[in-house]
Amino acid sequence: MNEHELKKAWMEEEEAAHIHGWDFSHIHGRYEEEMSLPWDYRAIIKEYLTPGTKLLDYDTGGGEFLLSLGHPFHNLSATEGYEPNVKLCREKLLPLGIDFKECGNPAKIPYDDEGFDLIINRHGSFDAKELYRLLKPGGVFITQQVGEDNDRDLVERVLPGLPKPFPHLNLTEQRKAFEQAGFRIIRGEEAYQPIRFYDVGAFVWFARIIQWEFPGFSVESCFGKLLDMEREMVDKGKVEGTIHRYLIVAGKPE
């Protein structure tokens with residue numbers, strides 16, 4: 001395609017960049033990430049689940065992962081703060097008997113003290129002191145997080161010089177925050193791994209969805225840099241960046 005055709009195709013991807021829940025099926029097969037993390041978030045959660053476990057999924061997205069656990073609905077609670085996902089959760093989770101509540105403030109979660117055996121959080125916000133309040137003695141918090149350096153090499157390619165949106169999101173600093181809140185760290189790991197795009201349109205869609213990492217990104221303003229990506233795509237068959245993830249499993253003492 002010539003530059004005019006590329007720009008038109010990329011602007012169509014930009015226009016299509018809307019999701020319900022956390023559904024990346026639009027670029028399925030066109031990008032890869034989290035191919036081989038050194039831990040299995042789902043398997044770790046399953047280690048702590050029994051049928052009677054009272055579980056809270058904070059920042060549940062559209063509830064997709066929570067439902068995939070197959071846990072009894074009457075023992076499930078969930079929160080979400082992003083309005084389109086709140087609507088989705090009300091339509092999908094409440095009719096199942098799941099105790100869903102809207103919440104956008106991780107320091108003020110609308111549940112009683114010591115109400116949960118297990119709290120999970122994947123790529124959402126959290127507050128260690130509030131989690132400590134919500135967990136029963138002996139309860140556990142499990143989180144897989146996006147670290148402060150996530151996609152930074154890709155951000156620099158299209159929006160050079162932007163500050164990190166979430167400094168301090170790394171295992172060392174967050175481990176310390178949990179210990180200061182009274183938790184004992186059961187498990188803590190950190191990983192840097194590749195993210196790969198197999199066409200530039202998929203990257204455009206991704207960058208528009210992840211607006212907090214790529215603020216101000218648009219095809220129009222970044223067109224020259226996207227053309228550089230396209231040349232690399234033609235030469236190498238992919239454009240590669242780096243993801244940053246960390247895992248914390250924290251226990252509240254008995």
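Out of curiosity, is Lys87 modelled with pLDDT of 95 or more and either in contact with a strand residue (DSSP E or B) (Cβ under 9 Å, 6 or more places away or on another chain) or not polar (S, T, N, Q) (or both)?
no
So which pairs qualify, if the first residue must be in the stretch 203-228 and on the phi > 0 side of the Ramachandran plot, the second must be surrounded by 15 or more Cβ atoms within 10 Å (Cβ to Cβ), the Cβ gap must be under 8 Å, and the two must be at least 6 apart or on different chains?
Within 8 Å, the pairs are Gly216/Leu159.
Take the residues of the stretch 50-66 that are more than 13 Å from Leu135 (Cα to Cα) and of a type in the set (Ser, Thr, Tyr): which is surrounded by the most Cβ atoms within 10 Å (Cβ to Cβ)?
The qualifying residue surrounded by the most Cβ atoms within 10 Å (Cβ to Cβ) is Thr60.
Of the residues Pro167, Pro194, Pro253, only one is surrounded by fewer than 17 Cβ atoms within 10 Å (Cβ to Cβ) and in contact with a Pro (Cβ under 8 Å, 6 or more places away or on another chain); which?
Pro253
Only one of Ile44, Ile98, Ile109 is modelled with pLDDT of 95 or more and within 17 Å of Leu131 (Cα to Cα). Can you tell me which?
Ile109
Restricting to the stretch 73-118, give me the number of residues that are closer than 26 Å to Pro137 by Cβ, surrounded by 13 or more Cβ atoms within 10 Å (Cβ to Cβ) and not hydrophobic (A, V, I, L, M, F, W, C).
10
Which of the helices (runs of 4 or more DSSP H) found entirely inside the stretch 1-120 contain at least 3 residues meeting this: out of contact with any Gly (no Cβ under 9 Å at 6 or more places or on another chain) and within 30 Å of Met233 (Cα to Cα)?
Helices (runs of 4 or more DSSP H) meeting the threshold: 3-15.
The values are calculated or read from the model by the stated rules, or taken from the named source; none is laboratory data. Please read all numbers here as calculations on a predicted model, not as lab measurements. Glycine also receives a Cβ, built like all others from the backbone with ideal geometry; neighbour counts cover every protein chain displayed.
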